[in-house]
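Structure, as structure tokens:
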């Protein structure tokens, strides 16, 4: 039987009888293409059955082939799928599952991101990779990032209904958490449902009949409707913010704004025990600074990308297509400033949770006990572990960001290295020619300008997500405290700074 026909038959069998598909796949042998088909069937059918051993056999084959073709995005994508399936097939026994499956999920995120951002990969692979990265992030409640990656998946393939169904699920989750303008989010959900209904064929192509049934079951209660074609009335900066989904708003998808204060996510109140000291808790000041720091980084990025900063110097040409000037330095500053906010989020989180040593914390180490000599795994600080075990999914999301930043295999680790470069060494951007690497002294690091700009935009999105998670973490904890606290508690509401200063309401 020809390979294509054999693949079509086995893929159909995965939906109809996954156990039989696994049995037949195990009997396959031959050239590398037969091996890859075998691996794909073992992963897909094994995933449906939560058959860890079959998935492991498929992953072993993919890993062997990837070792010989490391830059092949389709192979990286397939290996990532297998690793994600291994995590999902691991028995869930509470929040310990995240520690047990960390190595699978960490590597899978890196491989999905590598395939998704590979300019040489096909739009289909890039779209599927962004989609599956969104799915993987959602499994650890990183819903804001997941929404962004589903949106990017739709940019690569506007008919990707798996991505639109994922984005829809994230918005439904936001409403369930009490986040977002109900009417705005509801309208976007109905638009996404319409997109899903119009592109069912792509669900089948990406996920098979099983995926179609699961997705359609989730949207049966939604009335699909088309999106309004109303033109955005805004200046170039606000259009940039809306287009790239960079508002600090509880309504996390792009939308027009009726107020000049459209970065309006806030902690509305906290509960203070009766008899506690007066004054506004520090968490309100911390949220204010996090927001203003982020907005400034976002503005610097916008102005740098549009060459808005006036140049008053001339520079030596280093004859390597490097691009120098105040706008290039502003771009590096925007990226570094956005990453600095992540450390402040860690400090604010530990301070709010009353964990000792908060002021010296960083996003990389805040959540974990100091490891003992020779210890490879990191254990949560008891306070952090207790809060997560009590259902604080937003705190879990922040700790997962930390893992991706601090581990060399994490898909966010490149951001940490570029931040260190621009802080302590020399970052040089190239609009032609060179696309990465260190100079002969190790003191100068070279980056492709277009790639650095794209990564800086992603850093802004990451920071925005982390601010949302922090606010959500406070909301989740305050809700739990108010429901379980015995005795008298006083909810403290804080007025608008603009109202107090006479600048608006």
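The values are calculated or read from the model by the stated rules, or taken from the named source; none is laboratory data. Only a predicted model underlies this, so the values are computations on that prediction, with no experimental measurement involved. Don't worry about glycine lacking a Cβ; one is built from the backbone with ideal geometry, like all the others, and counts go over all protein chains shown.
Overview of results
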{"quantity": "Answer from 24, 70, 74, 93 - the residue that is loosely packed, with under 14 Cβ neighbours inside 10 Å and more than 30 Å from residue 391 (Cα to Cα)", "calculated": "70"}
{"quantity": "From the options 251, 247, residue that is assigned to a loop (DSSP other than H, G, I, E, B), modelled with pLDDT of 90 or more and crowded, with 21+ Cβ neighbours inside 10 Å", "calculated": "247"}
{"quantity": "Total residues in segment 464-504, condition modelled with pLDDT of 60 or more, over 23 Å from residue 385 (Cα atoms) and surrounded by 14 or more Cβ atoms within 10 Å (Cβ to Cβ)", "calculated": "2"}
{"quantity": "Candidate set from segment 369-384 (those that are touching a residue at least 24 places away in the same chain (Cβ under 8 Å) and outside any loop (DSSP other than H, G, I, E, B)); member that is surrounded by the fewest Cβ atoms within 10 Å (Cβ to Cβ)", "calculated": "383"}
{"quantity": "Candidates 327, 314, filtered to the one that is farther than 30 Å from residue 284 by Cα and assigned to a helix (DSSP H, G or I)", "calculated": "327"}
{"quantity": "Residue match in segment 162-176 (condition: buried (at least 16 other Cβ atoms within 10 Å of the Cβ), on the phi < 0 side of the Ramachandran plot and outside any helix (DSSP H, G or I))", "calculated": "no"}
{"quantity": "Lone qualifier among 334, 322 - being closer than 24 Å to residue 459 by Cβ, buried (at least 18 other Cβ atoms within 10 Å of the Cβ) and more than 22 Å from the chain's Cα centre (by Cα)", "calculated": "322"}
{"quantity": "Among (1) farther than 28 Å from residue 474 by Cα; (2) in contact with a helix residue (DSSP H, G or I) (Cβ under 6 Å, 6 or more places away or on another chain); (3) at pLDDT 90 or above; (4) in a helix (DSSP H, G or I), the one test that residue 395 misses", "calculated": "(1)"}
{"quantity": "Where residue 366 falls short, out of the listed (1) outside any loop (DSSP other than H, G, I, E, B); (2) within 25 Å of the chain's Cα centre (by Cα)", "calculated": "(1)"}
{"quantity": "Residue 349 being over 27 Å from residue 111 (Cβ atoms) and either modelled with pLDDT of 90 or more or assigned to a helix (DSSP H, G or I) (or both)", "calculated": "yes"}
{"quantity": "For residue 274: the one exception among (1) under 25 Å from residue 154 (Cα atoms); (2) surrounded by fewer than 13 Cβ atoms within 10 Å (Cβ to Cβ); (3) at pLDDT below 90", "calculated": "(1)"}
{"quantity": "Residue 102, sole failed condition from (1) surrounded by 14 or more Cβ atoms within 10 Å (Cβ to Cβ); (2) in contact with a helix residue (DSSP H, G or I) (Cβ under 6 Å, 6 or more places away or on another chain)", "calculated": "(2)"}
